[in-house]
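Shown next, in structure tokens, is the structure this report addresses.
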Amino acid sequence: MRAAALGMVPRSVTNTIGMELIEIPAGTFTMGSPAGEKGRQENEEQVTVTLTKPFGLGKTEVTQGQWKKVMGTEPWEGKADKDCPTSCVDWNDATAFCQRLTDTDHTNGKLPAGESYRLPTEAEWEYACRAGTTTAFSFGNDEQQLGNYGWFSGNVFSYPHAVGLKKPNPWGLYDMHGNVMEWCSDWYDRKLSGGADPVGPGGGSRRV
């Protein structure tokens, strides 16, 4: 999981649990992938998306150390490393983390009223991952370079690695091309939502 923050933030800000948030600018991009791109799935038909407001997004995934500071639990018991991304949590767990961190930082005055932590929408996540690029990956089309930017099936066993060990994307975000899967706020739908600030369908049986 990776936390987002509503409201304008400086280019980079670090909160009370050591989570660094990077400002993601407003903008328009093409979500999904073109027909013929290697690995393309049938649910990736391209749509145009405009995000009308900037937002903050975690520079890395939420680490196990950050999770424990907020929630006091270790869902990954037996696989603990404070610098590894949080794992073994479902969508409800991830949402509860964001809410508790919001309440804590409102109480201690570290988060302005009207702002909150939450999961990013699917559109926000992909926009941040692409970081202004139009290639298959944020570093280009050469998949041979993937190992420099992410942990994936070709260079890792089935466990996460410490965050931030690979190269970041052009906007300074780490692990966007691998390490762990990350929850988004949307309900899943086979067709991507386009338009302005899409949040996905109003209901469903699975989360993104």
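The values are calculated or read from the model by the stated rules, or taken from the named source; none is laboratory data. Just so it is clear, the model here is predicted, and its values are computed rather than measured. For neighbour counting, all protein chains shown are included, and Cβ atoms are generated from backbone atoms with ideal geometry for every residue, glycine included. Ligands, DNA and RNA are excluded from the accessible area calculation, which covers all protein heavy atoms including side chains. Shrake-Rupley method; radii C 1.70, N 1.55, O 1.52, S 1.80 Å.
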Problem set entry | Ser138 vs. criteria within 19 Å of Gly39 (Cα to Cα) and open to solvent by less than 20 Å² (accessible area, probe 1.4 Å) | yes
Problem set entry | Condition check for Gly202: at negative phi, open to solvent by 40 Å² or more (accessible area, probe 1.4 Å) and either free of Cβ contacts under 8 Å to residues at least 24 places away in the same chain or in contact with a Cys (Cβ under 9 Å, 6 or more places away or on another chain) (or both) | yes
Seminar exercise, completed: Within the stretch 147-160, restricting to residues that are closer than 15 Å to Val180 by Cα and of a type outside the set (Gly, Ala, Ser), the one that is modelled with the lowest pLDDT is Phe157
Seminar exercise, completed: For the stretch 69-83, pairs from a residue that is touching a residue at least 40 places away in the same chain (Cβ under 8 Å) to a residue that is surrounded by 14 or more Cβ atoms within 10 Å (Cβ to Cβ) and part of a loop (DSSP other than H, G, I, E, B), with Cβ under 7 Å and 6 or more apart or across chains, are Lys69/Ile17; Val70/Ile17; Asp81/Ala162; Asp83/Ala162; Asp83/Val163
Exercise. For the stretch 19-43, which residues satisfy the criterion of being open to solvent by less than 50 Å² (accessible area, probe 1.4 Å) and of a type outside the set (S, T, N, Q)?
Worked result: Met19, Leu21, Ile22, Glu23, Ile24, Ala26, Gly27, Phe29, Met31, Gly32
For this session: Among the residues of the stretch 84-133, count how many are farther than 12 Å from Trp67 by Cβ, under 18 Å from the mean Cα position of the chain (by Cα) and loosely packed, with under 15 Cβ neighbours inside 10 Å.
Result: 4
For this session: Kindly indicate whether Gly178 is assigned to a helix (DSSP H, G or I), farther than 27 Å from Thr52 by Cβ and free of Cβ contacts under 8 Å to residues at least 40 places away in the same chain.
Result: no
Exercise. What number of residues within the stretch 44-70 are of a type in the set (S, T, N, Q) and open to solvent by 40 Å² or more (accessible area, probe 1.4 Å)?
Worked result: 4
